[in-house]
1. Tell me whether the range 37-46 contains one or more residues that are open to solvent by 10 Å² or more (accessible area, probe 1.4 Å), more than 9 Å from the ligand (Cβ to nearest atom) and out of contact with any Gly (no Cβ under 8 Å at 6 or more places or on another chain).
2. Within the range 108-142, which residues are acidic (Asp, Glu) and in contact with a helix residue (DSSP H, G or I) (Cβ under 9 Å, 6 or more places away or on another chain)?
3. Test Asn66 against the stated conditions and say whether it is in contact (Cβ under 8 Å) with a residue 40 or more places away in the chain, over 26 Å from Val140 (Cβ atoms), assigned by TED's automatic domain parsing to the domain that holds His200 and not in a helix (DSSP H, G or I).
4. From the list Lys10, Lys26, which residue is more than 10 Å from the ligand (Cβ to nearest atom), surrounded by fewer than 19 Cβ atoms within 10 Å (Cβ to Cβ) and on the phi < 0 side of the Ramachandran plot?
5. Find the residue count for the range 210-231, including only residues that are touching a Ser or Thr at 6+ places or on another chain (Cβ under 9 Å) and either of a type outside the set (Ser, Thr, Tyr) or surrounded by fewer than 13 Cβ atoms within 10 Å (Cβ to Cβ) (or both).
6. Kindly evaluate Thr90 against the criterion of being of a type in the set (Ser, Thr, Tyr) and in the same structural domain as Ala128 (by TED's automatic domain parsing).
7. Might you let me know whether the range 82-105 holds any residue that is touching a helix residue (DSSP H, G or I) at 6+ places or on another chain (Cβ under 8 Å) and within 16 Å of the ligand (Cβ to nearest atom)?
8. Residues being surrounded by fewer than 20 Cβ atoms within 10 Å (Cβ to Cβ) and either touching a Lys or Arg at 6+ places or on another chain (Cβ under 8 Å) or touching a residue at least 40 places away in the same chain (Cβ under 8 Å) (or both): count how many of those fall in the range 150-168.
Amino acid sequence: MLKTINLHKKYNDFTALHSLNLEVKKGEIFALLGQNGAGKSTTINIILGLIKATSGDAFIHDISVNDHPQKIKQHLAYIPETVLLYPHLTGIENLDFFSKIAGFNYQKEELSALLLRTGLQETAHHKALGGYSKGMRQKVGIAIALAKDAKVLLLDEPTSGLDPIATAEFTEIVRQLGKEDRTVLMATHDIFNAASVATHIGIMKQGELVQHVPSKAFTAQELQELYLKTI
Ligand code: ATP
């Protein structure tokens, strides 16, 4: 579903990514851990087509990012740490706007149903987004991904700055995405969250994937120990 082959990124003399080989299958949730600067966002941004790899390629459904950067976007949704939406529009208006950009025209009830699927309470749907909490904005971001029916979701530190309840809610949504056979690649510093939601864990160090383990083999504590030993 999502694959990188020898993905390499250089900034002048500095190598940000060293021949990264990664595979995330349908329904898998892959958490990428690593120190600041390890190369997690670079990986995500190359898959999104926002940064060009120096060499190597990424594939979604066997479609090359290098060869088909636009086509790739139909299959992808991106949830960054702060989802950028229009503050003066309501949640439902934002969802309508971004769905239309992606080529989908939903009825009001369908838009509302998408927001409800993410756990955004009905009372908030018609309120201006400027008054939403960070967790509520993340839910609208997920609803946009569902509206596009994106099969692959790229999440970059999605729980950073969320309170424990919002984090738990977000984690449940991500778990649900996996059950719907969507593929999730998530960069995170939250080892506890990664242990709880991910099916696979990768640890990056200085642009290299130095660990790749199934998460069910580890408790959160063991994963933290592995992380500290690796880093
Ligand atoms: P964080 O957890 O802080 O988000 P990260 O693992 O996502 O870190 P990246 O943002 O992928 O790390 O950065 C990888 C390395 O590439 C870092 O050392 C960063 O300074 C470097 N880097 C990123 N963008 C550029 C750029 N435009 N020019 C030069 N170096 C860059």
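The values are calculated or read from the model by the stated rules, or taken from the named source; none is laboratory data. What you see is a predicted model; the values in this text were computed from it and never measured. Here Cβ is always computed from backbone atoms with ideal geometry, including for glycine, and neighbour counts include all displayed protein chains. Surface areas here come from the heavy atoms of the whole protein model, side chains and all, with no ligands, DNA or RNA. Shrake-Rupley method; radii C 1.70, N 1.55, O 1.52, S 1.80 Å.
1. Scanning the range 37-46 turns up no residue that is open to solvent by 10 Å² or more (accessible area, probe 1.4 Å), more than 9 Å from the ligand (Cβ to nearest atom) and out of contact with any Gly (no Cβ under 8 Å at 6 or more places or on another chain).
2. Glu110, Glu122
3. Values: in contact (Cβ under 8 Å) with a residue 40 or more places away in the chain: no; over 26 Å from Val140 (Cβ atoms): yes; assigned by TED's automatic domain parsing to the domain that holds His200: yes; not in a helix (DSSP H, G or I): yes.
So Asn66 does not fit the description; no.
4. Lys26
5. Residues meeting the conditions: 6.
6. yes
7. Looking for residues that are touching a helix residue (DSSP H, G or I) at 6+ places or on another chain (Cβ under 8 Å) and within 16 Å of the ligand (Cβ to nearest atom), one finds at least one in the range 82-105, hence yes.
8. Summing the residues that are surrounded by fewer than 20 Cβ atoms within 10 Å (Cβ to Cβ) and either touching a Lys or Arg at 6+ places or on another chain (Cβ under 8 Å) or touching a residue at least 40 places away in the same chain (Cβ under 8 Å) (or both) in the range 150-168 gives 4.
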